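Structure first, commentary second.
The values are calculated or read from the model by the stated rules, or taken from the named source; none is laboratory data. Because the structure is a prediction, the values reported are computed rather than measured. Note: ideal-geometry Cβ built from the backbone for every residue, glycine included; neighbour counts use all protein chains shown.
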Amino acid sequence: MRLAGLAAVLAVLTVLGAVDVFAVEGERLLVAALVAAAVYMAVSRGPWPTAGTGTTLAALVIPLAAWALLLSRTRNAWLGTLVGLAVVALLRAPRALLLVPAAMAAVLVLRPAPVIERLTVTDASSRDRYYMWQAGIDMILDKPVFGQGPGMILIRYPGYRWAEAPNPQTPHLHDNALQIAAERGLPCLVMWLWLVAAAMADAYREARRGLFGAGWVAGGGLAVLAAVMTAGLFEYNFGDSEVLMFTLLVAAMPYALRRERERTAAAGAAA
């Protein structure tokens, strides 16, 4: 019943968005309803979470996330999602990786218009990324140590813009590594890469331990980091505060698990 209700709500929102009638208001009402449902589950008198809470949340979140991904028509998010799901499959059910080519074959056979229209690298957005990346490389070569300065890409870009670029200006370079190196220099890029690599390695180690029934938390954190980094090849998602805050929260989970494991081990040794 919950899935049917969610499907009906998403269908209504899709229609409202297509006809452009109360589209924004409908989305706000959906978010408010999800928040109210979460609050009700958290403060209800019954035990929470129960054995079925994870299943219930997954059953609600997965179709909602899939709907949002499809309608967003954001290719970097699609690629990030595929990589994240592949990481989960590799950790928990390697045979599930066979679903990836099956899904790709289904897309090629069914050819859904919203997806097929975005499977191209010749559109203006893709071409603009190529030329802005070239400009970013020129910025790095010009100032490799300290970069152009935080927040200076928008100001400096016209001086480095290639003539073939479709857009005269861009607020960022649509790539995490290029953006950080162009803004703050190659030493900062090295430190950033070390930070991400360390977080992913620690998440992988905790996921492999799988102790306290929480291995899925670390595995999910690793999948999220892999997804964000993949999407960040084509978008400066570390520059979006909502993405950055969530990514840092997820990256901290394996360290919390490790602290809990060490605390439990110390308590057991003392006993």
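Results, tabulated for the structure shown:
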{"item": "Which numbered condition Ala38 fails, given (1) modelled with pLDDT under 80; (2) under 18 Å from Trp67 (Cα atoms)", "result": "(2)"}
{"item": "Tabulated pairs, segment 175-192, first assigned by TED's automatic domain parsing to the domain that holds Ile153, second acidic (Asp, Glu) and not in a helix (DSSP H, G or I), C-beta under 9 angstrom, 6+ apart or interchain", "result": "Asp175/Glu235; Asn176/Glu235"}
{"item": "Which numbered condition Asn76 misses (of (1) among the polar types (S, T, N, Q); (2) within 22 Å of Ala218 (Cβ to Cβ); (3) surrounded by 11 or more Cβ atoms within 10 Å (Cβ to Cβ))", "result": "(2)"}
{"item": "Residue in segment 63-79 that is of a type outside the set (D, E, K, R) and over 18 Å from the mean Cα position of the chain (by Cα) present", "result": "no"}
{"item": "Residue match in segment 246-261 (condition: of a type in the set (Ser, Thr, Tyr), assigned to a helix (DSSP H, G or I) and crowded, with 21+ Cβ neighbours inside 10 Å)", "result": "yes"}
{"item": "Members of segment 22-32 that are more than 20 Å from Arg73 (Cα to Cα) and over 23 Å from the mean Cα position of the chain (by Cα)", "result": "Phe22, Glu25, Leu29"}
{"item": "Selection status of Val109, of a type in the set (Val, Ile, Thr), in a helix (DSSP H, G or I), in contact with a helix residue (DSSP H, G or I) (Cβ under 6 Å, 6 or more places away or on another chain) and not assigned by TED's automatic domain parsing to the domain that holds Leu3", "result": "no"}
{"item": "Subset of segment 112-152 (residues that are more than 23 Å from Ala77 (Cα to Cα), in a helix (DSSP H, G or I) and touching a helix residue (DSSP H, G or I) at 6+ places or on another chain (Cβ under 6 Å))", "result": "Ala135, Asp138, Met139, Ile140"}
